[in-house]
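The values are calculated or read from the model by the stated rules, or taken from the named source; none is laboratory data. Quantities reported herein were computed from a predicted structural model and do not represent experimental measurements. Every residue, glycine as well, gets a Cβ built from its backbone with ideal geometry; the counts of neighbours run over all protein chains shown. What goes into the accessible areas is simple: the full protein's heavy atoms, side chains included, and nothing from ligands, DNA or RNA. Shrake-Rupley method; radii C 1.70, N 1.55, O 1.52, S 1.80 Å.
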Amino acid sequence: MRIHNFSAGPAVLPEPVLRRAADEMLDWHGSGMSVMEMSHRGKEFIAIAEKAEADLRSLLAIPPAFKVLFLQGGAIGENAIVPMNLLGGRTSADYVNTGEWSKKSIKEAKKYGKVNVAATSEAANYTTIPARSTWNLDPGAAYVHICGNETIGGVEYPELPDVGGVPLVVDASSHILSRPIDWSRAGVVYGGAQKNIGPAGLTLVIVREDLLDRALPITPSAFHWKEQAEAESMLNTPPTYAIYIAGLVFEWLIGEGGVAAIERRNIAKAKLLYDFLDRSGFYTNPVAREFRSRMNVPFKLRDEKLDDAFLKGAKEHRMVQLKGHRSVGGMRASIYNAMPVDGVRALVDYMADFERRHG
Ligand SMILES: *Cc1c(COP(=O)(O)O)cnc(C)c1O
């Protein structure tokens, strides 16, 4: 029997995807091989990769002017790969600091160029997003970088900001495919796969074509977006099995009604949990309401001495990975696309019961 897995990542995957992968493990579609054993240049795997890209394009309505790259390196890798690919001819980039993942992006970018922190919510302990009107943007910046959803702090942009003519770069690792993307405002959207897409090891980069000629000469070929775009992400061996599972997740999403339907479900799941937190005097969530993440819900118990009992009881109810990130403490429930409504309902029921017994 499966448990309710609230892990922030690697995270829960849709059960039908795992069953299908199990069925196809030894012999993919009569090929006599596992996908793991296929040449990335063979016709079977090329078909898998092409279908995955086509399905992703349709799910997110990605315009033809954007290239989709299936790379390795993870989002932390991409934190360095972004400045390498975009700083050519410019000296600085603007970053908005909304929490732990923004800080990591800033740290990496500083190795390659000058970083201007255009806005920060540090004074509010990263529980909000600074109003767009207060951002100190540099019109000569190579790009503006934001973290679309702060996985640790549980802070999410309700929409992509308008930053004018400077390309907007979005780390969407923990909310990609949970909602539509406004491509008129985005230059680059990237993310590791292991939160909302599939297994770790795959990094998605969706980049507007006109941004492909700005790489620094030091950019390694495997991370050079233009070279990878020209090679259909096969300049090096791509993470083939992770691409296959991601493709199955895309098919599953299409079967569930696509991003619009999954977004409605995500809104309902998040509402269930936040409404409960707001009614309770026992649990608290610190994030400004309009910026509360639909994917990652941090919360604290009134008395942190009860944390261990809460986690132990949750485990007895087959709910795991609820411990908050060490940098913020407390609890965190990650409720990605693949978390069923029933999982969130079970969590709320358990929390209510725990409150009755200890409140
Ligand atoms: C998980 C996460 C990362 C880091 O991903 P890695 O694959 O570990 O490099 C970066 N940004 C955000 C927003 C994340 O949630």
- With respect to the cross-link table entries LYS107/LYS312; LYS103/LYS300; LYS110/LYS300, which display a Cα-Cα separation exceeding 28 Å? LYS107/LYS312; LYS110/LYS300
- Message: Give me the percent relative contact order of the stretch 164-252, please, defined on Cα pairs under 8 angstrom at least 6 residues apart.
- Response: 23
- Task: Just the number, please: percent antiparallel of the DSSP beta bridges in the chain, rounded to the nearest 5.
- Result: 55
- Item | Nearest-20 debye value, the stretch 189-229 charge dipole, Cβ charges on Lys, Arg, Asp, Glu | 160
- If you take the charge dipole of the chain about its Cα centre, with +1 on Lys and Arg Cβ and -1 on Asp and Glu Cβ, which of ALA186, ILE46, GLY247 is farthest toward its positive end? ALA186
- Task: Quick one: work out Rg over Rh on the C-alpha atoms of the chain, Rh as Kirkwood radius.
- Result: 0.98
- Set Lys and Arg Cβ to +1 and Asp and Glu Cβ to -1, take the dipole of the stretch 258-358 about its Cα centre, and tell me which of TYR336, HIS358, SER280 lies farthest positive. TYR336
- Say we join alpha carbon atoms closer than 10 Å with springs in a Gaussian network model of the chain; which of ASN79, ASN116, ASN337 then has the biggest fluctuation? ASN116
- Query: Treating the beta-carbon of each Lys and Arg as +1 and of each Asp and Glu as -1, no other charges, what is the dipole magnitude of the chain about its Cα centre, to the nearest 20 debye?
  - Reply: 880
- Item | Compactness of the stretch 171-288 - radius of gyration and Dmax, Cα, Å | 18.1, 56
- Message: Set the bar at 23 Å for Cα to Cα. Now go through LYS269/LYS323; LYS67/LYS114; LYS104/LYS323; LYS43/LYS67; LYS51/LYS195; LYS67/LYS104 and name every pair that lies beyond it.
- Response: LYS67/LYS114; LYS67/LYS104
- Cα centroid separation - the stretch 162-193 against the stretch 32-59, whole Å: 25
- Note on the structure: For the stretch 268-307, the per residue accessible area (1.4 Å probe, Å²) is 50
- Message: I need the helices of the chain that pass two filters: whole DSSP H segments spanning 20 Å or more by Cα along the axis, and mean Kyte-Doolittle score no lower than 0.0.
- Response: 43-60, 240-255
- Message: Need one word for the stretch 203-357: rounded, prolate or oblate. Basis is the Cα gyration tensor (sqrt eigenvalues a ≥ b ≥ c); a/c below 1.5 gives rounded, then a/b vs b/c decides.
- Response: prolate
- Mean accessible area per residue over the stretch 67-209 (1.4 angstrom probe, all protein chains present, square angstrom) is 32
- Could you give the dipole magnitude of the stretch 14-83 about its Cα centre, charging the beta-carbon of Lys and Arg +1 and that of Asp and Glu -1, in debye to the nearest 20? 240
- Which percentage, to the nearest 5, of the DSSP beta bridges contained in the stretch 149-272 is antiparallel? 70
- Note on the structure: Once the in-chain neighbours fewer than 8 apart are removed, the aspartates and glutamates whose Cα is under 17 Å from LYS271 read GLU156, GLU263, GLU290, ASP342, ASP349
- Where is the GNM fluctuation largest for the chain (alpha-carbon springs, 10 angstrom cutoff): THR91, THR134, THR284? THR134
- Query: Please state the relative contact order of the chain as a whole percent: Cα pairs under 8 Å, 6+ residues apart?
  - Reply: 23
- Message: Could you work out what % of the accessible surface of the chain is carbon and sulfur, using a 1.4 angstrom probe and leaving DNA, RNA and ligands out of the count?
- Response: 52
